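*Asks:* Sharing a structure with you now.
The values are calculated or read from the model by the stated rules, or taken from the named source; none is laboratory data. Computed from a prediction, not measured in an experiment: that's the story for all the values here. Glycine also receives a Cβ, built like all others from the backbone with ideal geometry; neighbour counts cover every protein chain displayed. Protein only, heavy atoms only, side chains kept; ligands, DNA and RNA dropped before computing areas. Shrake-Rupley method; radii C 1.70, N 1.55, O 1.52, S 1.80 Å.
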Amino acid sequence: MFSRDAWKEIFETIQKNKLRTFLSGFTVAIGIFIFVVLYGFGNGLTNTFAKFFGDDATNVFFIFPGRTSVPYSGYKANRQIEFDNEDLADIEKNFAMFVDYITPRISRSGLVKYKNESNNYGNMGVAPSHQYSEKTIMMKGRYINNQDVKDKTKYAVIGRLVERDLFKDEDGLGKYIDIGGSSFKVIGVFQDDGGDNEERKIYIPYTTRQLIEKNTDKIDQMVLGFKPQIGYSGAMSLESSLEKYLKSKKFINPNDENGIFIRNIADQLKQNQQLASVLQIIVSFVAFGTIIAGIIGISNIMVFVVKERTKELGIRKALGATPKSVISTILLESIFITTISGFIGMLLGTVLLNSMGDTLEDYFITDPYIDTGIAVFATILLIICGALAGYVPARKAAKIKPIVALRDE
Amino acid sequence: MIEIKDLHKSYKMGNNSLHVLKGINFNVKEGELVAIMGSSGSGKSTLLNILGMLDVLDEGSYTLDGVPIVDLNETKAAKYRNKFLGFIFQSFNLINYKSAAENVALPLYYQGVGRKERQEKALKYLEQVGLKQWAGHLPSELSGGQKQRVAIARALAAEPKVLMADEPTGALDSKTSYEVMDLIQKINDAGNTILIVTHEPDIADMCKRIVHLKDGVIVEDKIVDQVRASQYV
């Protein structure tokens, strides 16, 4: 079956029936190619989602104050809720078991000047642990530390692009910049994977911001990092008990949806990942549809090939070909063609995916790729199905009496 | 060489059964050149197909070169065909994408003969039918007579015990027919046993023995004086 002669015979047949070879090979190659590319795009989509939400820590709650919508325990509706330093301390104390860190955020925006250069930037009063929640990476200098918070120092940590805008080629470290009329010393420059906007920010100690604003103790919002060990369900229950705690502390009706908002990144991330995986499933579905179309295509061609060769097979049988050799001739030929063209399609698809890289980022496809295992599996599946599809008519052809096959049409 | 006893064969056509061969007794000795004649529907092709193991018999016995041909499955039939028989068809039945030499070499391939030997033998038999210089041509580049000679070379290549020809001249004009018959006579002169199915009396007259079939039985079986085809060529 696998003798050199048998293969020679097969090669000759392939060579002398170019159209047939091309048709079946093309069907398989295009099927695998489309499968690989589509599947890779699905992965690229997932990558994009991961990238969108990957630059911030995921074990984080954002807690925003809102306005109450129903009256409660003597308070009118439409009351603005505010957080202050005491809330920070209370949460840290009461939820010590779960809380990794907690940091306030006081966001302002205004003109920032250095010598003749000036621009509008957002600045944010934060605590040192804010660095973890934003995954801020220090390029030089240092971040705000506890001593800064305690001493209410006029120190600022600026983004990479702020330094580039204001200082051009100069080193900003140690220089003084003007933020909304107050002079701040630059103690650090950071970068952030979240994009350009993230790198056009300035961080200052939140106590300094409070001092500037008439020594208030109000804070805008809180960012709470919980211990990752508590897991997804722990985070969900922490979220609800935190909400309950803050609502009772601020005298908000427990059923009031608007008093306090907690944005749970873990929950959001999970939803986004679910969306991404649903997309992946849809894309995989389409991709496997392509494979099935390919299988049907190759099956059709095999049926056609056997039909077309019925007379030839009859001649071969009259000359002494056994049914086994008839079947093996057809099958080896089809397996040979599908294997070669299947792997060509797979290689082309993989090469295309690899060469694309980030070029389709605008269409939410980043670094598309396909696991070699899946690509090889799909190829082998197609080969096996092609062989099976060829086997049935081949066996039928092998059973036809030569006299029937040779009958003149 | 061939012994047939009480051979019956019928075909099922829907509910009706068509009794084609109704008890044939027939022997062929080595070296004979036998013409099987009869009008269409007389069962002559059916007889040849059974002799050629292209079809199976319903009743009776068939012995070929001392080997009883019974319980034929496809694999066994293929082996016997390959070993014992060479076929020549009315429509030549060459494989159209193979060259003349490759067509001739094909039965040798199924005999398991090595590639080099196959090529040598193919050329030898092509030479015997006078087509050595056409060895590399495809069937589509050959005339009808040439095609039939390639088919004869192919039938000879397997060195069979018996050559079976089904209307070998049916698709050829009379001049070419005589050329082919001349070749067949020469092959017979070399000692090969040959059976020819034909309905043309002049072709039958070029054989050594004529068997007449009518309605599934042998009505006449006579030895004739052979007319040499070479005088017409």
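*Asks:* Could you tell me how many of the residues in the stretch B:99-116 are under 19 Å from the mean Cα position of the chain (by Cα) and of a type in the set (Val, Ile, Thr)?
*Replies:* 1
Every residue, every condition in (1) of a type in the set (Phe, Trp, Tyr); (2) within 14 Å of chain B (Cβ to nearest Cβ), yes or no:
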| residue | (1), (2) |
| --- | --- |
| A:LYS8 | no, yes |
| A:PHE11 | yes, yes |
| A:ASN17 | no, yes |
| A:PHE22 | yes, no |
| A:ALA29 | no, no |
| A:PHE33 | yes, no |
| A:ASN47 | no, no |
| A:THR58 | no, no |
| A:PRO65 | no, no |
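*Asks:* Looking at the stretch A:348-374, I want the residues that are modelled with pLDDT of 85 or more and have a partner that is open to solvent by 80 Å² or more (accessible area, probe 1.4 Å) with Cβ atoms under 7 Å, at least 6 apart or on another chain. Which pairs are those?
*Replies:* Final answer for the pair search is A:LEU353/A:TYR369.
*Asks:* Let me ask something additional. Across the stretch A:227-246, what is the number of residues that are open to solvent by less than 10 Å² (accessible area, probe 1.4 Å) and of a type outside the set (Gly, Ala, Ser)? Steps first, answer last, please.
*Replies:* As a first pass, look at the stretch A:227-246 and keep what is open to solvent by less than 10 Å² (accessible area, probe 1.4 Å): A:235, A:238, A:242, A:246.
This time we only want the ones that are of a type outside the set (Gly, Ala, Ser), so: A:238, A:242, A:246.
Number of matching residues: 3.
*Asks:* Related question: Of everything in the stretch B:42-66 that's open to solvent by 40 Å² or more (accessible area, probe 1.4 Å) and either farther than 24 Å from B:HIS199 by Cα or touching a residue at least 60 places away in the same chain (Cβ under 8 Å) (or both), which residue is nearest to the other protein chains (Cβ to nearest Cβ)? Outline the logic, then answer.
*Replies:* Kept after step one, since they are open to solvent by 40 Å² or more (accessible area, probe 1.4 Å), are these residues of the stretch B:42-66: B:45, B:56-61, B:65-66.
Restricting the remaining residues to those that are either farther than 24 Å from B:HIS199 by Cα or touching a residue at least 60 places away in the same chain (Cβ under 8 Å) (or both) gives B:45, B:58-61, B:65-66.
Values: B:SER45: 9, B:ASP58: 15, B:GLU59: 19, B:GLY60: 19, B:SER61: 21, B:ASP65: 16, B:GLY66: 20 Å.
Ranking the qualifying residues of the stretch B:42-66, first place goes to B:SER45.
*Asks:* Run down A:THR359, A:THR366 and say which single residue is hydroxyl-bearing (Ser, Thr, Tyr) and open to solvent by 80 Å² or more (accessible area, probe 1.4 Å). Explain how you work it out, then say what you get.
*Replies:* Working: A:THR366 fails: open to solvent by 80 Å² or more (accessible area, probe 1.4 Å).
When all the criteria are applied, what remains is A:THR359.
*Asks:* Also, I was wondering about something else. Looking at the stretch A:98-106, is at least one residue open to solvent by 30 Å² or more (accessible area, probe 1.4 Å) and charged (D, E, K, R)? If you could, list the steps in order and put the result at the bottom.
*Replies:* Start the filter on the stretch A:98-106 by keeping residues that are open to solvent by 30 Å² or more (accessible area, probe 1.4 Å), which leaves A:98, A:100.
Those still in the list that are charged (D, E, K, R) too: A:100.
Within the stretch A:98-106, one or more residues are open to solvent by 30 Å² or more (accessible area, probe 1.4 Å) and charged (D, E, K, R).
*Asks:* Please go through the stretch A:12-38 and pick out each residue that is within 27 Å of the chain's Cα centre (by Cα), of a type in the set (Phe, Trp, Tyr) and open to solvent by 30 Å² or more (accessible area, probe 1.4 Å).
*Replies:* A:PHE33
*Asks:* All but one of (1) of a type in the set (Val, Ile, Thr); (2) within 19 Å of B:GLU127 (Cα to Cα); (3) surrounded by fewer than 19 Cβ atoms within 10 Å (Cβ to Cβ) hold for B:ILE223; which doesn't?
*Replies:* Status for B:ILE223: all satisfied but (2).
*Asks:* Taking the stated definitions as given, is A:GLY195 open to solvent by less than 10 Å² (accessible area, probe 1.4 Å) and either part of a loop (DSSP other than H, G, I, E, B) or of a type in the set (D, E, K, R) (or both)? Step through it out loud before you land on a result.
*Replies:* Values: open to solvent by less than 10 Å² (accessible area, probe 1.4 Å): no; either part of a loop (DSSP other than H, G, I, E, B) or of a type in the set (D, E, K, R) (or both): yes.
No, not satisfied.
*Asks:* Something else about it: Among the helices (runs of 4 or more DSSP H) lying completely within the stretch B:130-233, list those that include at least 1 residues that are closer than 22 Å to B:LEU54 by Cβ and of a type in the set (Ser, Thr, Tyr).
*Replies:* On the way: elements: B:144-157, B:174-189, B:201-204.
In the stretch B:130-233, there are no helices (runs of 4 or more DSSP H) which contain 1 or more residues that are closer than 22 Å to B:LEU54 by Cβ and of a type in the set (Ser, Thr, Tyr).
*Asks:* Here's another thing I want to ask about it. What are the residue pairs meeting all of these: first residue in the stretch B:83-111, first residue more than 9 Å from chain A (Cβ to nearest Cβ) and under 21 Å from B:THR198 (Cβ atoms), second residue open to solvent by less than 10 Å² (accessible area, probe 1.4 Å) and polar (S, T, N, Q), Cβ atoms under 6 Å, and 6 or more apart or on different chains?
*Replies:* That search, which allows pairs on different chains as well, returns B:PHE92/B:GLN148.
*Asks:* Is it true that some residue in the stretch A:379-400 is open to solvent by less than 40 Å² (accessible area, probe 1.4 Å), over 29 Å from A:ALA321 (Cα atoms) and either assigned to a loop (DSSP other than H, G, I, E, B) or not small (Gly, Ala, Ser) (or both)?
*Replies:* Of the stretch A:379-400, the ones open to solvent by less than 40 Å² (accessible area, probe 1.4 Å) are A:379, A:382-383, A:385-387, A:389-390, A:393-394, A:397-398.
If we keep only those that are over 29 Å from A:ALA321 (Cα atoms) as well, we get A:379.
Within this subset, residues satisfying the condition of being either assigned to a loop (DSSP other than H, G, I, E, B) or not small (Gly, Ala, Ser) (or both) are A:379.
For the stretch A:379-400, residues open to solvent by less than 40 Å² (accessible area, probe 1.4 Å), over 29 Å from A:ALA321 (Cα atoms) and either assigned to a loop (DSSP other than H, G, I, E, B) or not small (Gly, Ala, Ser) (or both): present.
*Asks:* Take the stretch B:17-37 and flag every residue that is open to solvent by 10 Å² or more (accessible area, probe 1.4 Å), away from every other protein chain (no Cβ under 14 Å) and not basic (Lys, Arg).
*Replies:* We begin by selecting, within the stretch B:17-37, every residue open to solvent by 10 Å² or more (accessible area, probe 1.4 Å); these are B:17-20, B:22-23, B:25, B:27, B:29-32, B:37.
Subset that is away from every other protein chain (no Cβ under 14 Å): B:17-19, B:22-23, B:25, B:27, B:29-32, B:37.
Residues satisfying the conditions are B:SER17, B:LEU18, B:HIS19, B:GLY23, B:ASN25, B:ASN27, B:GLU30, B:GLY31, B:GLU32, B:MET37.
*Asks:* Then there is this: In the list A:LEU332, A:LEU347, which residue meets the criterion of being within 17 Å of A:VAL37 (Cα to Cα) and in a helix (DSSP H, G or I)? Explain how you work it out, then say what you get.
*Replies:* Details: A:LEU332 fails: within 17 Å of A:VAL37 (Cα to Cα).
Checking each option against the conditions leaves just A:LEU347.
*Asks:* Of the residues A:GLU117, A:GLU86, A:GLU9, only one is open to solvent by 30 Å² or more (accessible area, probe 1.4 Å), over 30 Å from A:GLY231 (Cβ atoms), charged (D, E, K, R) and touching a residue at least 12 places away in the same chain (Cβ under 8 Å); which?
*Replies:* Working: A:GLU86 fails: over 30 Å from A:GLY231 (Cβ atoms); A:GLU9 fails: open to solvent by 30 Å² or more (accessible area, probe 1.4 Å).
Going through A:GLU117, A:GLU86, A:GLU9 in turn, just one is open to solvent by 30 Å² or more (accessible area, probe 1.4 Å), over 30 Å from A:GLY231 (Cβ atoms), charged (D, E, K, R) and touching a residue at least 12 places away in the same chain (Cβ under 8 Å): A:GLU117.
*Asks:* Find all pairs meeting these conditions: Cβ atoms under 9 angstrom apart; at least six residues apart or on different chains; first residue within the stretch A:319-330 and more than 7 Å from every other protein chain (Cβ to nearest Cβ) and open to solvent by less than 20 Å² (accessible area, probe 1.4 Å); second residue among the aromatic types (Phe, Trp, Tyr) and assigned to a helix (DSSP H, G or I).
*Replies:* Between residues of the stretch A:319-330 that are more than 7 Å from every other protein chain (Cβ to nearest Cβ) and open to solvent by less than 20 Å² (accessible area, probe 1.4 Å) and residues that are among the aromatic types (Phe, Trp, Tyr) and assigned to a helix (DSSP H, G or I), the close pairs are A:ILE330/A:TYR391.
*Asks:* For A:LEU166, are the conditions met, namely being assigned to a helix (DSSP H, G or I) and surrounded by 22 or more Cβ atoms within 10 Å (Cβ to Cβ)?
*Replies:* Details: assigned to a helix (DSSP H, G or I): yes; surrounded by 22 or more Cβ atoms within 10 Å (Cβ to Cβ): yes.
Against the criterion (assigned to a helix (DSSP H, G or I) and surrounded by 22 or more Cβ atoms within 10 Å (Cβ to Cβ)), A:LEU166 qualifies.
*Asks:* On to the next question. Please work out which one of (1) open to solvent by 20 Å² or more (accessible area, probe 1.4 Å); (2) in contact with a Ser or Thr (Cβ under 9 Å, 6 or more places away or on another chain) is the condition B:VAL162 fails and give its number.
*Replies:* Unmet condition: (1).
*Asks:* Follow-up question, since we're still on this one. What residue, among those in the stretch B:68-82 that are open to solvent by 40 Å² or more (accessible area, probe 1.4 Å) and of a type in the set (A, V, I, L, M, F, W, C), is farthest from the other protein chains (Cβ to nearest Cβ)?
*Replies:* Restricting to residues being open to solvent by 40 Å² or more (accessible area, probe 1.4 Å) and of a type in the set (A, V, I, L, M, F, W, C), the top hit is B:VAL70.
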